[in-house]
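Dropping the structure in here first, questions after.
The values are calculated or read from the model by the stated rules, or taken from the named source; none is laboratory data. The model shown is predicted, which means the values in this text are computed figures rather than measured ones. Note that each Cβ is placed from the backbone with ideal geometry, even for glycine, and that neighbours are counted across all protein chains shown.
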């Protein structure tokens, strides 16, 4: 039984790898374009939940010269980041991004909002209280 399972897993993974080589990039692009929420969920699932960092000695193990070099390096990195951010603000242009239209437009009194909910995810809406007009109409 175990040998059969290993053989099946190997065959499956080889077939999956071959299919991904052929169609993987196009499939990813299609999901990104037509199902952005699913695309982001997949991306998020690939990020490790926690990272294990190991350090040895830290700053206490560094010489004064190493600490000074590290401080200078950090200052340079911050200056570069700030310069790049300022350049982007100066040169930046607004980009309009449209969401894809939903496949099916719901039928009901508020079709536009229902369609928007389908495209970006539903949000809870509270119905407004209708105030009768003084004319009775």
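I need every pair where a residue in the range 45-65 that is at negative phi and at pLDDT 75 or above has its Cβ under 7 Å from the Cβ of a residue that is surrounded by 10 or more Cβ atoms within 10 Å (Cβ to Cβ) and assigned to a loop (DSSP other than H, G, I, E, B), sequence separation at least 6 or different chains.
Filtered contacts from the range 45-65: no entries.
Return the total of residues in the range 57-86 being exposed (fewer than 10 other Cβ atoms within 10 Å of the Cβ) and touching a helix residue (DSSP H, G or I) at 6+ places or on another chain (Cβ under 7 Å).
1
Of the residues 25, 38, which single one is assigned to a helix (DSSP H, G or I), surrounded by 11 or more Cβ atoms within 10 Å (Cβ to Cβ) and modelled with pLDDT of 85 or more?
On inspection, the qualifying residue turns out to be 38.
Restricting to the range 42-56, count the residues that are in a helix (DSSP H, G or I) and exposed (fewer than 12 other Cβ atoms within 10 Å of the Cβ).
Here the count works out to 4.
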